[in-house]
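Trainee: To start, I am sharing the structure in question, which I have written as structure tokens.
The values are calculated or read from the model by the stated rules, or taken from the named source; none is laboratory data. As the structure is a computational prediction, the values presented were derived from the model and not from experiment. Every residue, glycine as well, gets a Cβ built from its backbone with ideal geometry; the counts of neighbours run over all protein chains shown.
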Amino acid sequence: MTMRQSSIILLAGLFISCSASISRDKKAALQTCYECSNIADPAQCSRVVTCQANEVCYTQSHTTSLIFQSTVYSMGCRPSAVCDALSGAAVGKRRNVRALDTHCNKCCRTNNCNSRLCGATGTTNPTAATTSPTYVRLLGGSNAYEGRVEVFHGGIWGSICDDGWGGNEAQVVCGMLGYSRSGSGGAQGTLFGGAPQYAKIFMDEVNCTGTEASIDLCHFNGWGVHDCGHNEDAGVICNSASREDNIIFLLDTGLGGVIFRMDLNTQSYVPIPMNNLYTPTAFDYDATDGRIYFVDYKLKQLMSVHFSGTDVRELKQLDSNADLEKIQVDPINRKLFYADTGNNLIASINLDGSGYQIIVNQSLDEPRDLALVPATQMIYWTDWGSSPKIERANYAGGSRQTLASTNLKWPNGLAYDYTENRLYFVDAGTHKIEAMQPDGSSRTVILTDPAAHFFAVSPYQQYLYYTDWNRETVMRVNKDGSGQIQIGPRGFRQLADIKVHKYGYGIPGVVTPSPIIVDESHIFVRLVGRGYSNEGLVEVYINGEWGTICDDMWDDREAKVVCEMMGFGKTGAKAVSRAYYGTDSSIIIFLDDVNCTGEESHIAQCTHIGDWGVHNCGHNEDAGVNCTFDLNTIRDFVLVADSYIQEIYRMDLETGSYSAIPQSAVRTPIAIDYDPLAHIVYYTDVVLHMIKSTKLDGTNEKILRRLNSAAVPDGLTLDLQNRLIFYTDTGNDVIVKMGMDGSNAVNVTNTNLDEPRSVTLDVANRIVFWTDWGVHPKIEKSNYDGTNRQTLIDSGLKYPNGLVYDGSTNKLYLCDAGTNKIEVMDTNGQNRKMIFQDAGAHFFGIDVDSQYLYVSDWTKDGVVRLNKDGSGETPVGPPSFGKLNGIALYHQGG
Ligand SMILES: *[C@@H]1O[C@H](CO)[C@@H](O)[C@H](O)[C@H]1NC(C)=O
Ligand SMILES: *[C@@H]1O[C@H](CO)[C@@H](O)[C@H](O)[C@H]1NC(C)=O
Ligand SMILES: *[C@@H]1O[C@H](CO)[C@@H](O)[C@H](O)[C@H]1NC(C)=O
Ligand SMILES: *[C@@H]1O[C@H](CO)[C@@H](O)[C@H](O)[C@H]1NC(C)=O
Ligand SMILES: *[C@@H]1O[C@H](CO)[C@@H](O)[C@H](O)[C@H]1NC(C)=O
């Protein structure tokens with residue numbers, strides 16, 4: 001068995017390496033900008049120019065990274081008031097909202113230039129913050145708890161050199177981000193990717209005690225004094241079991257769609273990476289289950305993700321016209337509401353994906369923001385169309401009423417304050433923040449700020465937090481309009497939404513279940529290190545990080561619980577201590593002094609002293625277990641082949657916990673199947689050009705068939721009744737049938753095959769089905785001997801990777817990585833039906849049991865379970881695999 005693979009991070013983004021830096025002198029009111037004459041060569045960004053009074057910095061983006069999509073460079077100055085249809089759409093309008101230059105076109109849109117709205121753009125310099133605290137942010141992590149550290153100083157971001165960087169320094173950074181200080185670790189070198197060569201290195205030889213409130217309170221060489229390169233960038237891994245509290249969630253659409261988690265107190269922040277695939281353009285946070293709901297504009301999907309950035313699920317695939325700018329969750333009635341300016345409607349859907357309902361589809365021009373009152377089931381919305389207004393209706397669309405229709409221009413943001421039962425709204429055209437009663441009465445101006453381009457607002461205690469596209473930052477003002485200040489560093493692009501989250505604050509009756517969410521369904525264990533698959537170092541997964549357990553008080557009662565989670569059962573479970581199976585010193589020690597009775601079914605049910613991440617141990621005290629491998633009592637599982645980590649795994653179906661099946665050589669395993677009678681795993685390896693078998697515990701590893709060097713055996717399936725193996729070989733373009741010991745191989749078919757991949761059997765009728773993802777993708781079948789060959793379907797396919805025959809329903813289930821569909825059909829290709837579509841998926845393998853479909857997905861880094869009608873998408877196990885290919889289920893008794 002191999003050691004835990006070190007974190008592989010496909011880094012990451014840099015951004016605003018040459019960001020506009022704004023003059024802090026109020027009177028001068030002139031912007032200074034970097035001038036990069038060539039965005040392909042950002043090193044040229046060193047020249048600073050001062051703009052004229054009527055100019056602003058001109059920014060360009062250049063696609064360089066996965067998370068941020070693009071690096072934003074400043075390109076010198078340009079006139080501030082450009083307002084013509086030629087140069088694109090208006091801020092916050094229609095679909096170009098995501099692509100435009102924030103500094104111009106505050107008024108028009110290409111398809112409907114509303115001259116009344118095209119007043120002076122009023123881009124003047126906002127008041128700069130009087131003091132400039134030091135902020136930190138993380139970049140390049142694979143979840144919201146880790147990354148390379150950047151520090152904001154003098155208006156720009158720079159890195160920290162890793163000389164002297166360790167746990168104490170990480171504690172300070174993690175504390176600034178609102179995470180627990182305990183359990184944090186420093187990372188050195190390029191673990192999270194290095195910053196670009198031209199980025200500033202601000203700090204070196206940082207030496208903290210660990211308790212400092214801010215990183216600049218630690219000893220260091222002085223700003224910019226260093227002898228380092230970007231191969232020495234400091235990073236942190238923070239405790240992912242931190243309190244989920246005191247957060248400002250932000251969404252920046254100008255950076256390509258990134259949701260940030262900003263600490264309410266220090267205003268340092270971290271992007272929530274949530275799989276590089278997604279570019280959110282609207283979001284809301286549901287504190288009851290700790291999930292962020294978001295809209296992906298490109299994929300046209302309504303999605304949700306756990307706040308850690310893991311466990312992305314699809315709520316609804318939208319139609320191609322849909323254009324959702326804001327969404328709002330009602331956590332009490334478990335519904336999500338959205339305004340769709342593409343289809344001009346307001347709709348709701350239950351948070352489980354059911355009950356889609358159009359609420360309003362008449363007399364909507366440009367509906368944008370929404371506010372909800374769960375108790376009265378009322379919905380409020382803004383419309384910034386040619387007759388701007390704020391309206392309300394009940395959840396069924398009835399009792400519709402206009403609350404405000406005068407003195408509005410672009411009412412972009414709307415929020416309901418549950419402590420005062422008052423509506424707050426921000427208008428980028430009138431430059432006002434206003435308030436009114438829920439019936440529209442007592443309308444009051446809170447703040448007039450001609451320099452602002454207001455976009456979104458979120459009330460919290462005595463404050464209103466809001467986003468301002470001119471200031472490119474978060475702002476805060478007291479509810480009486482006094483005390484306007486900048487929150488956090490400048491350097492965002494278009495903050496399209498903001499939600500302040502504080503434990504116990506917000507909608508009455510809605511609080512997070514616990515400040516530290518210890519949710520069993522998101523906590524997994526795995527065994528790694530030396531030894532067989534029933535023994536190893538215990539690692540625990542929570543919120544996107546794996547960590548270890550300290551062996552203080554670790555005995556057989558605790559081992560019983562881990563062995564149970566692994567599917568081995570409690571009998572004979574033995575505790576092993578002192579890192580007997582090896583360790584990984586780069587990860588967190590999550591638990592210490594764990595005390596179980598032995599009766600628990602999940603490690604999260606045991607008690608432990610202190611919070612997650614609090615311990616007094618070293619990794620030489622890591623806990624392990626030695627479970628009993630009894631093939632007759634092992635619980636239901638799923639086998640998966642991971643070609644990236646180069647392992648085959650057995651994962652317990654109930655808990656999603658797993659361990660690798662140790663093999664002497666695994667290079668690129670693809671197809672996998674299981675013989676439950678003999679407890680033997682069969683799998684293909686396309687780099688070793690082999691078909692292999694092993695006992696489930698990893699012993700008795702055998703090469704059944706060595707193929708020629710051209711062979712690429714992508715598909716394999718077993719006929720247990722007739723003791724046969726079928727496999728596809730897309731290198732030699734052949735489908736082969738052989739005995740289960742690899743003998744008597746005969747070709748089923750070797751003609752007219754282009755890229756055969758998946759293979760599945762109807763054993764009773766001796767029929768073999770396969771997919772071909774070649775130039776003319778198709779699904780075919782023939783008898784076992786190759787006779788009676790037929791094409792079932794040859795349209796509407798692109799990369800049909802997975803196919804499985806379901807004997808219980810006599811249907812074929814198909815997953816296609818090109819169309820991103822899962823389909824069902826009869827065994828003659830008739831009655832074909834799409835049951836699930838996920839534009840963000842890359843499906844590979846599929847298997848079926850009496851109740852569910854299980855699919856491996858390259859972009860979700862794990863296994864997803866669905867009902868056979870396509871509903872109920874649920875991840876199985878953690879999303880921390882590399883590239884999962886073949887998948888095979890085992891159920892006791894069939
Ligand atoms: C860090 O500071 C402490 C206390 O000031 C000192 O004892 C220690 O030697 C310093 N460490 C380094 C690596 O400079
Ligand atoms: C508006 O919504 C109702 C209710 O869903 C629907 O019956 C009607 O067809 C819709 N009208 C338009 C123009 O889409
Ligand atoms: C472990 O927990 C049990 C009760 O759950 C308690 O009686 C026992 O004292 C605890 N052990 C230690 C060492 O704390
Ligand atoms: C694990 O258990 C097996 C069977 O009881 C035993 O042979 C082996 O020595 C144990 N390994 C360790 C490290 O305790
Ligand atoms: C089986 O197919 C392969 C690939 O086309 C071919 O090289 C081989 O000769 C075939 N074997 C038989 C017995 O026809």
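Trainee: Return the residues of region 851-864 that are in a strand (DSSP E or B) and either within 18 Å of the chain's Cα centre (by Cα) or buried (at least 23 other Cβ atoms within 10 Å of the Cβ) (or both); say none if nothing qualifies.
Mentor: Leu853, Val855, Ser856, Asp857, Gly862, Val863, Val864
Trainee: Still on this structure: Among the residues of region 514-521, is any under 33 Å from the mean Cα position of the chain (by Cα), more than 25 Å from Ala287 (Cα to Cα), away from ligand 2 (no atom under 16 Å from the Cβ) and not assigned by TED's automatic domain parsing to the domain that holds Pro878?
Mentor: The answer is no, given that none of the residues of region 514-521 is under 33 Å from the mean Cα position of the chain (by Cα), more than 25 Å from Ala287 (Cα to Cα), away from ligand 2 (no atom under 16 Å from the Cβ) and not assigned by TED's automatic domain parsing to the domain that holds Pro878.
Trainee: Separate question: If the Cβ limit is 8 Å and pairs must be 6+ apart or interchain, which residue in region 361-374 that is within 14 Å of Asn394 (Cβ to Cβ) pairs with which residue that is modelled with pLDDT of 95 or more and of a type in the set (Asp, Glu)?
Mentor: Here the result reads Leu372/Asp330; Pro374/Asp330, each pair linking region 361-374 to a residue that is modelled with pLDDT of 95 or more and of a type in the set (Asp, Glu).
Trainee: Turning to a different aspect of this structure: I'd like the residue in region 367-409 that is in a loop (DSSP other than H, G, I, E, B) and touching a Ser or Thr at 6+ places or on another chain (Cβ under 8 Å) and, out of all such residues, is surrounded by the most Cβ atoms within 10 Å (Cβ to Cβ).
Mentor: As a first pass, look at region 367-409 and keep what is in a loop (DSSP other than H, G, I, E, B): 374-377, 384-388, 395-400, 405-409.
Cutting the leftovers down to touching a Ser or Thr at 6+ places or on another chain (Cβ under 8 Å) gives us 387-388, 395, 405, 407-409.
Working: Ser387: 11, Pro388: 24, Tyr395: 19, Ser405: 13, Asn407: 13, Leu408: 20, Lys409: 18.
Across region 367-409, the extreme among qualifying residues is Pro388.
Trainee: Taking Gly656 as meeting all but one of (1) in the same structural domain as Tyr854 (by TED's automatic domain parsing); (2) surrounded by fewer than 22 Cβ atoms within 10 Å (Cβ to Cβ), write down the number of the exception.
Mentor: That leaves (2) as the condition not met.
Trainee: Here's something else I'd like to know. Which of the residues that make up region 607-616 are closer than 21 Å to Phe524 by Cβ and either assigned to a loop (DSSP other than H, G, I, E, B) or within 28 Å of the chain's Cα centre (by Cα) (or both)?
Mentor: Start the filter on region 607-616 by keeping residues that are closer than 21 Å to Phe524 by Cβ, which leaves 607-608, 611-615.
Residues satisfying the conditions are His608, Asp611, Trp612, Gly613, Val614, His615.
Trainee: I would also like to ask the following. Name the single residue, out of those in region 596-620 being more than 23 Å from Asn543 (Cβ to Cβ) and at pLDDT 95 or above, that is nearest to ligand 4 (Cβ to nearest atom).
Mentor: If we take residues in region 596-620 being more than 23 Å from Asn543 (Cβ to Cβ) and at pLDDT 95 or above, then Gly598 is nearest to ligand 4 (Cβ to nearest atom).
Trainee: Do you know which of the residues in region 605-637 that are more than 14 Å from Arg557 (Cα to Cα) and of a type in the set (A, V, I, L, M, F, W, C) is farthest from ligand 5 (Cβ to nearest atom)?
Mentor: Ile609
Trainee: Within region 778-793, which residues are more than 17 Å from Gln830 (Cα to Cα) and assigned to a loop (DSSP other than H, G, I, E, B)?
Mentor: Correct list: Tyr784, Asp785, Gly786, Thr787, Asn788.
Trainee: Six or more apart or on different chains, Cβ under 6 Å: which pairs go from a residue in region 721-735 that's within 11 Å of Ala711 (Cα to Cα) to one that's of a type in the set (D, E, K, R) and outside any strand (DSSP E or B)? Could you list them?
Mentor: Thr728/Asp714; Thr730/Asp714; Thr730/Glu755
Trainee: A follow-up question, please. Being closer than 24 Å to Ser521 by Cβ, under 30 Å from the mean Cα position of the chain (by Cα), more than 16 Å from ligand 1 (Cβ to nearest atom) and touching a residue at least 12 places away in the same chain (Cβ under 8 Å): is that true of Ala604 here?
Mentor: Yes, satisfied.
Trainee: Okay, moving on. Under 6 Å by Cβ, and 6 or more places apart or on different chains, what pairs join a residue from region 158-174 that is outside the structural domain of Thr190 (by TED's automatic domain parsing) and in contact (Cβ under 8 Å) with a residue 24 or more places away in the chain with one that is buried (at least 24 other Cβ atoms within 10 Å of the Cβ) and in a loop (DSSP other than H, G, I, E, B)?
Mentor: none
Trainee: Inspect all residues belonging to region 802-817 and state whether any of them is without any contact (Cβ under 8 Å) to a residue 40 or more places away in the chain and within 27 Å of Leu696 (Cα to Cα).
Mentor: No, every residue in region 802-817 fails to be without any contact (Cβ under 8 Å) to a residue 40 or more places away in the chain and within 27 Å of Leu696 (Cα to Cα).
Trainee: Which is within 24 Å of Ser142 (Cβ to Cβ) and away from ligand 2 (no atom under 16 Å from the Cβ), of Gly222, Gly193, Gly210? Spell out the reasoning first.
Mentor: Values: Gly222 fails: within 24 Å of Ser142 (Cβ to Cβ); Gly210 fails: within 24 Å of Ser142 (Cβ to Cβ).
One residue alone meets the criteria, Gly193.
Trainee: Does region 617-641 hold any residues that are assigned to a loop (DSSP other than H, G, I, E, B) and exposed (fewer than 14 other Cβ atoms within 10 Å of the Cβ), and which are they?
Mentor: Restricting attention to region 617-641, the residues satisfying the condition of being assigned to a loop (DSSP other than H, G, I, E, B) are 617-618, 623, 627-636.
Correct list: Gly618, Asp630, Leu631, Asn632, Thr633.
Trainee: Which one of Ala347, Ala322, Ala339 is within 16 Å of ligand 2 (Cβ to nearest atom) and buried (at least 23 other Cβ atoms within 10 Å of the Cβ)?
Mentor: Going through Ala347, Ala322, Ala339 in turn, the sole match is Ala339.
Trainee: Return the total of residues in region 642-660 being in a loop (DSSP other than H, G, I, E, B), out of contact with any helix residue (DSSP H, G or I) (no Cβ under 6 Å at 6 or more places or on another chain) and over 14 Å from Val864 (Cα atoms).
Mentor: Matching residues across region 642-660 total 4.
Trainee: Of all residues in region 206-217 being more than 9 Å from ligand 1 (Cβ to nearest atom) and part of a loop (DSSP other than H, G, I, E, B), which is nearest to Ile160 (Cα to Cα)?
Mentor: Val206
Residue-by-condition table, conditions (1) within 16 Å of ligand 3 (Cβ to nearest atom); (2) part of a loop (DSSP other than H, G, I, E, B); (3) touching a helix residue (DSSP H, G or I) at 6+ places or on another chain (Cβ under 9 Å):
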{"position": "Thr548", "(1), (2), (3)": "no, no, yes"}
{"position": "Trp554", "(1), (2), (3)": "yes, yes, yes"}
{"position": "Arg557", "(1), (2), (3)": "yes, no, no"}
{"position": "Val561", "(1), (2), (3)": "yes, no, yes"}
{"position": "Glu564", "(1), (2), (3)": "no, no, no"}
{"position": "Gly569", "(1), (2), (3)": "no, yes, yes"}
{"position": "Gly572", "(1), (2), (3)": "no, yes, yes"}
{"position": "Arg578", "(1), (2), (3)": "no, yes, yes"}
{"position": "Thr583", "(1), (2), (3)": "no, yes, yes"}
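Trainee: Also, I was wondering about something else. Would you point out which residue out of Gly610, Gly567 is more than 27 Å from Glu146 (Cα to Cα), out of contact with any Gly (no Cβ under 9 Å at 6 or more places or on another chain) and more than 16 Å from ligand 2 (Cβ to nearest atom)?
Mentor: Answer to the selection: Gly567.
Trainee: Taking Glu420 as meeting all but one of (1) within 20 Å of Ile507 (Cβ to Cβ); (2) within 27 Å of the chain's Cα centre (by Cα); (3) among the charged types (D, E, K, R), write down the number of the exception.
Mentor: Glu420 satisfies every listed condition except (2).
Trainee: Considering Thr444, Thr473, which residue is surrounded by fewer than 16 Cβ atoms within 10 Å (Cβ to Cβ) and either under 30 Å from Ala393 (Cβ atoms) or of a type in the set (Val, Ile, Thr) (or both)? Walk me through it before giving the result.
Mentor: On the way: Thr473 fails: surrounded by fewer than 16 Cβ atoms within 10 Å (Cβ to Cβ).
Thr444 is the lone residue from the list that is surrounded by fewer than 16 Cβ atoms within 10 Å (Cβ to Cβ) and either under 30 Å from Ala393 (Cβ atoms) or of a type in the set (Val, Ile, Thr) (or both).
Trainee: So how many residues does region 878-894 have that are at pLDDT 95 or above and assigned to a loop (DSSP other than H, G, I, E, B)?
Mentor: 0
Trainee: Right, here's the next one. Within region 350-366, can you find the residues that are buried (at least 17 other Cβ atoms within 10 Å of the Cβ) and over 23 Å from the mean Cα position of the chain (by Cα)?
Mentor: The answer is Ile359, Val360, Leu364, Glu366.
Conditions tested, residue by residue: (1) in a loop (DSSP other than H, G, I, E, B); (2) away from ligand 4 (no atom under 16 Å from the Cβ); (3) more than 24 Å from Leu464 (Cβ to Cβ); (4) assigned by TED's automatic domain parsing to the domain that holds Val149.
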{"site": "Thr266", "(1), (2), (3), (4)": "yes, yes, no, no"}
{"site": "Ala282", "(1), (2), (3), (4)": "no, yes, no, no"}
{"site": "Tyr285", "(1), (2), (3), (4)": "no, yes, no, no"}
{"site": "Lys298", "(1), (2), (3), (4)": "yes, yes, yes, no"}
{"site": "Ser304", "(1), (2), (3), (4)": "no, yes, yes, no"}
{"site": "Ser308", "(1), (2), (3), (4)": "yes, yes, yes, no"}
{"site": "Ser354", "(1), (2), (3), (4)": "yes, yes, yes, no"}
{"site": "Ser363", "(1), (2), (3), (4)": "yes, yes, yes, no"}
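Trainee: Restricting attention to region 163-190, and to residues there that are crowded, with 24+ Cβ neighbours inside 10 Å, assigned to a loop (DSSP other than H, G, I, E, B) and at negative phi, which single residue is farthest from ligand 4 (Cβ to nearest atom)?
Mentor: Among residues in region 163-190 that are crowded, with 24+ Cβ neighbours inside 10 Å, assigned to a loop (DSSP other than H, G, I, E, B) and at negative phi, the one farthest from ligand 4 (Cβ to nearest atom) is Leu177.
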